[in-house]
Every structure is written in structure tokens, then in C-alpha cells.
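Some notes on the structure that comes next.
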Amino acid sequence: MSVFLRNCEFVMGGADLESLPPATLPEIAFAGRSNVGKSSLVNALTGRKTLAKASNTPGRTREINFFLLAESLMLVDLPGYGYAKAPKKDVARWTRLVKDYLAGRPNLRRVCLLIDSRHGIKDVDIEIMGMLDKAAVNYQIILTKTDKIKASELAQITEAAYAALKRHPAAHPQILVTSSEKKDGIEELRDELERFLS
Ligand code: GTP
Ligand code: MG
């Protein structure tokens, strides 16, 4: 059985960098624009329905949420960047928090950078990728919600995402294609992330 299906518990949510858990265990963070499916992916990976709170309304996750997996790996569900149904100053504050976390967390081993497969890589994603390159943080592009588009569209978006990756040296060369809804690509992502277990 995958370690991702073992015990996983919510540890805490942090609203600023000063109130995060100690940077001791290896961490894997889930980042991306609001509503791309970060919280849903954490649930799909861990085989739960409501461990991380997902919602139709962009801007659901407002703190950095830590989930401890099998006493050995921290899964980190981040607030989304970009558009959200919330006051501008709140969105600006989470975006700042997410950027500071991503660029400065010493035990961060991998960022799963989620891209909605209907929309592809946007300017704001490119900005985050540039920041991760600069901070030398290891990251991988994960296309989400692939159940919502046709195979031909997915092929096109995937190709465009690979083309964009060429300019980003810190990015993992493989793009994973997932649907949390249909559980497509979830096993592959677990296999990819298991190597970060302490
Ligand atoms: P924020 O916390 O607001 O930044 O959003 P998020 O990135 O955590 O997205 P969340 O997981 O809350 O999902 C947003 C919406 O997309 C919810 O209504 C989910 O049910 C839906 N969703 C997520 N993943 C999938 C998927 O693979 N397929 C489909 N069809 N819908 C999905
Ligand atoms: Mg969320």
C-alpha cells in the first residue's frame, strides 16, 4: 500500500511566516493559482475526501496548511495566488506569504506547481516559476482537472507547457497530468513524491 494512504493528519494553519511549524521534516508544497485544485489534489493523494478543504469559490485556502503524512513528510496546501473572491488586500497578503514561504523555506524539497489544464500556464505562473528558479527550489508542473477537457486539447496544452518549461532550469523535466476527480495520474504522483520521505 502506498505510504500516501497511511495516516495523515492536519497539523496547523499558519497565517504568517513566524507561525509555521519548525522546519525539520521534509516538505512538499502544492502551489498554483486560486481554484486550480491544490486542496483537492492533497485529498486525492492521501485518499481522503475532506482532509484539505476544497471549494468552488476561488480563495478557499487562506493559510499555509500543514498535513503530516506517516510521521515523516509534511504536505503543505498553500493559498492560491492571483484572482480570488476576496478583498484585494487579503489576496495581496496571501500572495506575499506564499512567495516568502516558497523562496525561503529551507526544508522544502519539492513544489508541485499546479496548472489548470483548461487554461494552461499564465503570466503569474511564469512569474512564480522565475522566482523558484532564482531560489533554486525544485518544482514540477502538474496539470489538473484533465477530466474537463478533450484528449486533443490536453495534448495541445501539455505540449505548450513543455515548451514553456525549456526556459526554466529548476523545473523537473516531466509534467504530470492529473484528475483528482477521476484519480488519473495520482499513482504516478505518489510514486514521484515518495522519494522525499525521510
Ligand atoms: P484555493 O484554495 O481557493 O486556491 O483553491 P484550490 O486550488 O485549493 O482548489 P480546490 O481544490 O478547492 O478546487 C477548486 C474547485 O475545483 C472545486 O470545486 C473542486 O471540486 C474542483 N476540482 C478540483 N480538482 C478537480 C478535478 O480534477 N476535476 C474536476 N472536474 N474538478 C476539480
Ligand atoms: Mg485550497
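Here are some notes:
- Note on segment 1-14: residues that are surrounded by 13 or more Cβ atoms within 10 Å (Cβ to Cβ) and in a strand (DSSP E or B) total 6.
- For segment 34-55, a tally of residues being away from ligand 2 (no atom under 11 Å from the Cβ) and either open to solvent by 10 Å² or more (accessible area, probe 1.4 Å) or under 12 Å from W94 (Cβ atoms) (or both) returns 5.
- The lone exception for Y162 - which of (1) at pLDDT below 95; (2) aromatic (F, W, Y); (3) more than 30 Å from A70 (Cβ to Cβ) it fails: (1)
- Index of the failed condition, N65 passing every other in (1) assigned to a loop (DSSP other than H, G, I, E, B); (2) in contact with a Gly (Cβ under 6 Å, 6 or more places away or on another chain): (1)
- Residues located in segment 36-69, provided they are on the phi > 0 side of the Ramachandran plot and modelled with pLDDT of 95 or more: G37, G47
- Filter result for L17 (open to solvent by less than 20 Å² (accessible area, probe 1.4 Å), out of contact with any His (no Cβ under 7 Å at 6 or more places or on another chain) and more than 11 Å from ligand 1 (Cβ to nearest atom)): no
- For segment 81-124, residues that are away from ligand 2 (no atom under 15 Å from the Cβ), part of a helix (DSSP H, G or I) and open to solvent by less than 10 Å² (accessible area, probe 1.4 Å) total 1.
- Exclusive hit being open to solvent by less than 10 Å² (accessible area, probe 1.4 Å), in contact (Cβ under 8 Å) with a residue 40 or more places away in the chain and in contact with a Pro (Cβ under 9 Å, 6 or more places away or on another chain), set I28, I64: I64
- Verdict on A84 being among the hydrophobic types (A, V, I, L, M, F, W, C), within 12 Å of ligand 1 (Cβ to nearest atom) and farther than 17 Å from I28 by Cα: yes
- Scanning segment 145-159 finds one or more residues that are under 20 Å from G37 (Cα atoms) and touching a helix residue (DSSP H, G or I) at 6+ places or on another chain (Cβ under 7 Å).
- Single match in S55, S39 (criterion: within 11 Å of ligand 1 (Cβ to nearest atom), among the small types (G, A, S) and part of a loop (DSSP other than H, G, I, E, B)): S55
The values are calculated or read from the model by the stated rules, or taken from the named source; none is laboratory data. Keep in mind it's a predicted model, so treat the numbers as computed, not measured. Here the Cβ is made from the backbone with ideal geometry for all residues, glycine too, and neighbour counts use every protein chain on show. These area figures cover heavy atoms from the full protein model, side chains too; ligands, DNA and RNA do not enter into them. Shrake-Rupley method; radii C 1.70, N 1.55, O 1.52, S 1.80 Å.
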